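Values in this text are rule-based calculations from the coordinates and carry no lab data. Bear in mind the structure is a predicted one, so any value in this text is a computation, not a measurement. Neighbour counts run over all protein chains shown; Cβ positions are idealised from the backbone, glycine included.
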Amino acid sequence: MNQQQCKVLKNMEIARDYYELEFTWDNKSEPKPGQFLTINPNGVPLLRRPFAFSSYQSGKAAIIYKKIGMATKGFSVLREGDTIDVLGPLGNPFTLPEKRPLLIAGGIGLGPMIFTANYLAENSYSPILVVGARDKSLIPELNLNSAIKVNYCTDDGSLGFKGNVAEFLGSQRDFSVSDCEIMACGPHIMLKACHEIAIKNNIECQVSLEEMMACAVGACYGCVVETTLDEKYKRVCKDGPVFNSRVIKWT
């Protein structure tokens with residue numbers, strides 16, 4: 001983990017209210033898929049904002065964020081050459097799967113799953129990526145390795161399968177879920193569904209949790225989640241954000 005002043009290389013809208021921010025990155029601290037960073041939003045509001053890495057190459061990294069609040073609206077006006085205060089990489093990454101990776105992305109969880117899918121493809125895996133959204137306007141054009149098999153799910157059927165990712169996995173026939181290992185990031189209800197699918201098919205499932213964070217370094221215990229472990233509560237920022245779905249107490 002290190003704090004650095006990064007130069008903005010690109011900041012553009014890639015789907016409705018979704019932006020990709022690309023910036024310079026110090027090669028001494030190489031991010032891994034599933035890890036995140038925090039950005040100082042120029043002091044207003046006070047707290048740093050966490051974002052998962054959506055890509056990393058030597059000398060540059062990127063995040064995908066949704067313009068939704070004061071901080072992200074401020075990020076959306078950043079231009080090439082502007083400086084941002086970044087702390088990272090933070091948290092624990094995904095672990096390499098033993099079976100074919102089945103990556104599930106919903107909402108802002110798309111960013112880390114793009115990074116993970118490309119990383120796995122570059123390391124001789126044949127990932128399956130399932131992307132879920134309300135409609136096609138919320139899904140950007142993806143820059144993906146050709147080894148990745150992509151499936152789209154939209155609630156209104158405007159792109160790909162009509163329905164959510166859980167319904168898609170229950171209906172598709174192109175691959176067997178039981179031959180895969182799930183890796184997912186997105187809304188809580190989607191992650192819970194992925195966990196239940198993993199239990200039903202007796203396969204492993206890693207989930208990257210999205211929680212509000214204050215310090216993002218494990219000091220404040222503001223992002224704890226309840227688990228099935230002896231140590232009942234775990235910090236998403238320090239102990240996660242990636243967990244085996246079986247240790248999370250789903251409610």
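Below, the figures for the structure above:
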| read-out | value |
| --- | --- |
| Cβ-derived FRET efficiency at R0 41 Å, Glu196 paired with Val217, nearest 0.05 | 0.80 |
| Rounded to 5, percent antiparallel among DSSP beta bridges of the chain | 60 percent |
| Per-residue [θ]222 nm for the chain (sum of -39500 (n - 2.57) over DSSP H runs n ≥ 4, rounded to 500) | -5000 deg cm²/dmol |
| Ranked list, fewest to most other Cβ atoms within 10 Å of each Cβ, for Ser158, Ser208, Ser124 | Ser124, Ser158, Ser208 |
| Whole-number D in µm²/s for the stretch 211-251 (Stokes-Einstein; Kirkwood sum over Cα pairs; 37 °C, 0.692 mPa s) | 320 µm²/s |
| Crossing angle, helix 110-122 versus the chain [Cα axis fit, 0-90 degrees, rounded to tens] | 70 degrees |
| Over the chain, relative contact order from alpha-carbon pairs under 8 Å, at least 6 apart, % | 17 percent |
| Charge dipole of the chain about the Cα centre (unit charges at C-beta), most positive-ward option of Gly222, Phe36, Gly81 | Gly222 |
| Relative contact order for the stretch 2-90, counting Cα pairs under 8 Å that sit 6 or more residues apart, in percent | 42 percent |
| Top of Leu209, Leu120, Leu142 by mean-square fluctuation, Gaussian network on the chain, Cα under 10 Å | Leu142 |
| Dimensionless Rg ratio for the stretch 37-138, taking C-alpha atoms and the 2.2 N^0.38 Å reference | 1.20 |
| Residue order, fewest to most beta carbons within 10 Å, for Leu138, Leu110, Leu159, Leu96 | Leu96, Leu159, Leu138, Leu110 |
| Helix 188-201 vs. the chain, principal-axis angle (Cα, 0 to 90°, nearest 10) | 40 degrees |
| Set of lysines with alpha-carbon distance to Lys238 below 25 Å, sequence-local pairs under 8 removed | Lys28, Lys32, Lys60, Lys66, Lys192, Lys249 |
| Footprinting exposure proxy for Glu226, Glu141, Glu211 (fewest neighbouring C-beta atoms within 10 Å first) | Glu141, Glu226, Glu211 |
| Cubic angstrom per residue, convex hull over Cα atoms of the stretch 95-194 | 95 Å³ |
| Candidates Arg48, Arg16, Arg100, ranked by Gaussian network fluctuation over the chain, Cα under 10 Å, top entry | Arg16 |
| Cα convex hull of the chain - mean projected area over all directions, nm² | 13.1 nm² |
| GNM flexibility winner over the chain from Gln35, Gln57, Gln206 (Cα, springs under 10 Å) | Gln57 |
